[in-house]
1. For the range 221-234, what are the residues that are over 19 Å from the mean Cα position of the chain (by Cα), of a type in the set (A, V, I, L, M) and crowded, with 19+ Cβ neighbours inside 10 Å?
2. Only one of (1) of a type outside the set (Val, Ile, Thr); (2) touching a strand residue (DSSP E or B) at 6+ places or on another chain (Cβ under 6 Å); (3) farther than 21 Å from Val12 by Cβ is not met by Phe361, so which one is it?
3. So which residues in the range 143-171 are in contact (Cβ under 8 Å) with a residue 24 or more places away in the chain and either aliphatic (A, V, I, L, M) or not assigned by TED's automatic domain parsing to the domain that holds His67 (or both), if there are any at all?
4. Mind checking which residues of the range 1-30 are free of Cβ contacts under 8 Å to residues at least 60 places away in the same chain and either touching a Pro at 6+ places or on another chain (Cβ under 6 Å) or assigned to a loop (DSSP other than H, G, I, E, B) (or both)?
5. Spot the failing condition for Pro196; the list is (1) outside any loop (DSSP other than H, G, I, E, B); (2) assigned by TED's automatic domain parsing to the domain that holds Gly302, and only one is missed.
6. Among the residues that make up the range 229-239, is at least one of them acidic (Asp, Glu) and without any contact (Cβ under 8 Å) to a residue 12 or more places away in the chain?
7. So, in the range 227-242, how many residues would count as being outside any helix (DSSP H, G or I) and either in contact with a strand residue (DSSP E or B) (Cβ under 8 Å, 6 or more places away or on another chain) or outside the structural domain of Glu337 (by TED's automatic domain parsing) (or both)?
Amino acid sequence: MKIALVYSRFTVYSGIQINIQDYANELSKKGYEVYVLGQKIDKKLYTFNKYVKLIEIGGPISFNPLHWITLGLIRRKFLNILKIINPDIVISHNFPANFFCTERNKKKTFTHIFYCHEPYLYFYDKIYYSNLPPLLRIISWILRLFFKKYDYKSVKKADAIMCNSKFIEKKILRSYSEKSTIQYPVLNMDNIKKNPFNIFEELNIENSTPIIFVLGLSHNMKGVAELFYIFKKILDKIPETLLLIGGHIINDNRRIIYRLIKELNIPKENLILYGFINKGILGSFYANATLTFYTAIGEGFGQIPLESMKNGTPVIAFNYGGPTETIIDNKIGFLIEVGNLQQFAEKAIELIQNKNLRKRFSKKCLAHIQKNFSFKKAISNFEEIIKNVHFKS
């Protein structure tokens, strides 16, 4: 059986693309003929096994305005490749991948499953696009005007819809008036584990330093301002605390960071912007951190809390969106009312100062992940869903 996994680009190391990588690798091991299609696939970031066939379509990617101007040409290239591959099942991830696949499947030559990680933010999330910088707000308005209809029609024509959480299931119902099947995008976290890499030596800090770890400030709903106001409150009580931020930071978030460092008088020695963290050492960052903060607001699922708990580090997040489905409040971490920065800081201070509570949470974190978020179970469930849809369509 041929399976094609389709996404627009693999140029930033983040959840959706890692999900495709891990599932493609596992499905190919099970004997499926697996193809991964994208406009650009960065093979330095992503590791596909030798059985997965990678196909780059080319053309400007979505962050480039030319992408939208040349979308018709890009669409034709995707259609031609899908025609040549002639897959049995196509799984598209988000817009415009779903649009390309629906266009190719007018004659129902394959089973098309749309895996929605989030209804396209520029189309459906008013809070998101209303808070964009002025130029991006104008661009998002243009995109809604010309392209939202294609996303909507594509979703309606898909043979089935999968989603990554109960939170997104409700969003899909509101945005498309369609039901969906929940498939948590659990990743293969076996390679994200503690190793001999010494982050204290790497960062040139004392082993006793409390570390708050944050990863991936990649868009404007990651709660950057909230993060720094919370951190300031913690510093007032525990001045030796270090805020360690890894991963990609968009320019708008970087500007917020530099502005708040000055406004809040945060000492430079209490903040490290580490940049990209190789997955081979990522586990050591999680495992050696005192806490992981997840200040994203309205995230559909959120892989970071799972990775942190897999390494025994408790997570504090806002009580909204994906984290409510992965973190058990007051058992393995804390869920904080959105906007209650004082409570967020107080719970962090409590965990930093109470080593026994941290150890208890840590132990329960590991058991929780093993029981409820096993990659093996996730793959088995994913395989069952796509087979059921294929043989019924």
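The values are calculated or read from the model by the stated rules, or taken from the named source; none is laboratory data. The shown structure was predicted, so the numbers you read here are calculated from the model rather than taken from an experiment. Please note: Cβ atoms are built from the backbone with ideal geometry, for glycine as well, and neighbour counts cover all protein chains shown.
1. So in the range 221-234, the residues over 19 Å from the mean Cα position of the chain (by Cα) come out as 225-226, 228-234.
After this cut, where a residue has to be of a type in the set (A, V, I, L, M) as well, the list is 225, 230, 234.
Ile230, Ile234 - these are the residues of the range 221-234 that are over 19 Å from the mean Cα position of the chain (by Cα), of a type in the set (A, V, I, L, M) and crowded, with 19+ Cβ neighbours inside 10 Å.
2. (2)
3. Hits for the range 143-171 are Leu143, Val155, Ala158, Ala160, Ile161, Met162, Ile168.
4. The one that is free of Cβ contacts under 8 Å to residues at least 60 places away in the same chain and either touching a Pro at 6+ places or on another chain (Cβ under 6 Å) or assigned to a loop (DSSP other than H, G, I, E, B) (or both): Thr11.
5. (1)
6. Yes.
7. Restricting attention to the range 227-242, the residues satisfying the condition of being outside any helix (DSSP H, G or I) are 238-242.
From what's left, either in contact with a strand residue (DSSP E or B) (Cβ under 8 Å, 6 or more places away or on another chain) or outside the structural domain of Glu337 (by TED's automatic domain parsing) (or both): 241-242.
Residues meeting the conditions: 2.
Every residue, every condition in (1) modelled with pLDDT of 95 or more; (2) of a type in the set (Lys, Arg), yes or no:
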position	(1), (2)
Phe276	no, no
Gly283	no, no
Thr295	yes, no
Glu299	no, no
Ile327	yes, no
Gln343	yes, no
Lys347	yes, yes
Arg360	yes, yes
Asn372	no, no
